[in-house]
Every structure is written in C-alpha cells, then in structure tokens.
Amino acid sequence: MAYELPPLPYEYNALEPFIDAETMHLHHDKHHQTYVSNLNAAVANYPELAAKPVEDLIRDLASVPEAARTAVRNSGGGHANHAGFWKLMGPAGTAGVGGNPTGEIAKQIAADFGDFEAFKKAFNEATAKQFGAGWGWLVYEKGKLKIVTTSNQESPISQGLYPILYNDVWEHAYYLKYQNRRADYLAAWWNVVNWAEVNRRFAIAKK
Ligand code: MN
C-alpha cells in the first residue's frame with residue numbers, strides 16, 4: 001500500500017485571510033504531494049518499510065536501511081509533518097479555532113509559560129530565528145512544555161518526542177502572501193490554530 005496524500009480537512013480558502021488559497025493549493029497539492037511521491041519512491045524496494053505508518057519510519061530512522069535513510073528522513077518527515085499540520089489549523093472564528101487556548105493545554109501553557117501571550121511570544125521568537133527552512137514545535141518532555149525548532153523536515157518524533165503544536169516556516173508556507181515577513185506570518189497564524197486538535201495531541205503526548 002503506497003503512502004497517499006490526505007485531503008485537506010477544509011476548503012483551500014478556509015484559512016483566508018491569514019493563509020491564502022493559492023498558498024494552500026501549492027503547499028498541499030504540490031509540496032506535500034512531492035513528499036508523498038518521493039517517500040513512495042524511497043521505500044519502493046523495501047516492502048517491510050512501506051507497510052509501516054510513516055511516523056514509525058521517522059521514529060526509528062536507525063532501522064531504515066542506509067540507502068533509504070536520508071530520503072525517508074526528508075520525505076517521510078515531510079509527509080508526516082504536513083499531514084499533522086493541516087489538522088492543526090481550521091477556519092478562523094469557528095469553534096475551538098483561534099483565540100485563547102482551551103482545555104488542558106491552556107492550563108499547561110499557563111503553568112509553564114505564565115500566560116498565552118508570553119507563550120506566543122516565545123514560540124514566535126524561537127521560530128522566527130530558525131535559519132532557513134524548518135519548523136517550530138511545541139513538545140512535552142519530562143512533565144513540561146518546551147519549544148524547539150528543527151531544520152528542513154526533521155521531526156521531534158525522530159528524537160523520541162511527540163509534537164503537540166507546530167508551524168511550518170519554509171518559505172513555501174508564507175512567501176506568496178507575506179514575502180520575507182516571516183514574523184507577520186507567525187503572528188497571523190494563531191488565528192487559525194485548532195485548539196481542539198492541539199488538546200487531542202497533548203493527551204497523546206502525556207501518555
Ligand atoms: Mn511545508
């Protein structure tokens with residue numbers, strides 16, 4: 001069974017005006033599709049790999065044959081990262097999207113960062129500083145939330161961590177609308193964060 005591009009869980013224009021429809025078409029239909037296609041090519045000769053969920057591949061990269069490892073890190077990471085990323089967003093103003101965090105994650109953010117504004121500032125600053133292409137992540141380690149960044153399509157899953165909330169700062173995620181203004185994109189992105197999904201992921205991270 002080949003890996004497949006999951007459909008977006010909303011319309012391409014659903015994240016307007018914060019993320020434009022053209023960016024979503026390119027990002028999902030072209031960039032994410034390319035990661036899926038390249039991952040399928042990378043595991044074509046390894047049916048035992050192709051049978052696994054993509055998260056299992058990137059959780060244990062050392063077990064991937066060396067000839068396929070870099071491609072699995074890049075394209076498997078790209079597939080897993082984007083598949084989760086689409087679900088972490090939703091139409092601004094709908095239930096549980098944008099605004100202040102809700103549920104258990106709201107309490108944990110307050111405990112570990114003081115308040116939501118301080119957390120947002122720390123996340124945006126760390127992620128703005130990621131040099132070149134990469135991601136900013138919120139993970140949960142030893143009972144505390146922690147902000148980390150990675151390059152390219154590296155995932156915290158490969159470091160034994162489960163990402164709760166994360167944002168893509170490859171230029172393809174924002175350049176059409178925000179050009180070089182990564183900080184403006186980061187600030188706007190919180191309007192489309194799906195806190196219900198963040199809470200679902202937080203419950204998994206705590207297990
Ligand atoms: Mn991307």
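Worth a mention:
- Sparse-neighbourhood loop sites, GluC sites (Glu not before Pro) in the range 1-80 - DSSP loop, at most 15 other Cβ within 10 angstrom: GLU4, GLU11
- Amide H contacts of MET89 (H built 1.01 Å from N, in plane; Pro and chain starts excluded): ASN194 sit under 5 Å, all sequence-distant by 5 or more or on other chains.
- Taking the range 135-176 and dividing mean pair separation by its residue count, relative contact order in percent (alpha carbons under 8 Å, at least six apart): 46
- Structure remark: mean-square fluctuation, Gaussian network model of the chain, C-alpha springs under 10 Å; the largest value among SER37, SER155, SER75 belongs to SER37.
- Entry comment: accessible area of the chain is 47 Å² per residue, from protein heavy atoms only and a probe of 1.4 Å.
- Rounded to the nearest 20, the size of the Cβ-charge dipole of the range 91-130 about its Cα centre is 100 debye, with Lys and Arg at +1 and Asp and Glu at -1.
- Applying 0.36 nm per residue to the separation of ALA95 and ALA41 and subtracting their alpha-carbon distance, the gain on full extension is 15.5 nm.
- Rounded to the nearest 20 debye, dipole of the range 103-205 from Cβ charges on Lys, Arg, Asp, Glu: 60
- The relative contact order of the chain comes to 24 percent, based on Cα pairs under 8 Å that sit 6 or more residues apart.
- Evaluating kT/(6 pi eta Rh) at 20 °C and 1.002 mPa s, with the Kirkwood radius of the range 103-205 over Cα pairs in the Stokes-Einstein relation, gives 153 µm² s⁻¹.
- The sum of -39500 (n - 2.57) across all DSSP H runs of n ≥ 4, divided by the residue count of the chain, sets its helix-only mean residue ellipticity at 222 nm to -11500 deg cm²/dmol.
- Sequence-separation-based contact order of the range 21-87, relative, with Cα cut under 8 Å and 6+ spacing, percent: 39
- Taking the C-alpha atoms only, the angle from helix 77-87 to the longest principal axis of the chain is near 40 degrees.
- In loop segments of the range 122-165 as defined by DSSP, the chymotrypsin sites (Phe, Trp or Tyr not before Pro) with at most 13 further C-beta atoms inside 10 Å of their C-beta are PHE131.
- Just so you know, the Cα atoms of the range 26-89 work out to an Rg and Dmax of 11.4, 35 Å.
- Cα shape, the range 1-113, gyration tensor, a/c 1.5 rule: oblate
- In degrees, nearest ten, helix 103-113 long axis to first principal axis of the chain (Cα): 80
- Dipole magnitude (debye, nearest 20) for the chain, charges at Cβ of Lys, Arg, Asp, Glu: 540
- Signed unit charges on C-beta, dipole axis of the chain, positive-most listed residue GLN108, PHE202, TYR178: GLN108
- Annotation: amide H of GLU141 within the under-5 Å range of LYS146, sequence separation 5 or more or interchain, hydrogens built in the peptide plane.
- In degrees, nearest ten, helix 116-129 long axis to first principal axis of the chain (Cα): 40
The values are calculated or read from the model by the stated rules, or taken from the named source; none is laboratory data. Owing to the predicted nature of the structure, the values given are computational and were not obtained by experimental measurement. Methodologically, a virtual Cβ is constructed for each residue, glycine included, from the backbone with ideal geometry; neighbour enumeration extends over all protein chains shown. Side chains included, ligands, DNA and RNA excluded: accessible areas come from the protein's heavy atoms. Shrake-Rupley method; radii C 1.70, N 1.55, O 1.52, S 1.80 Å.
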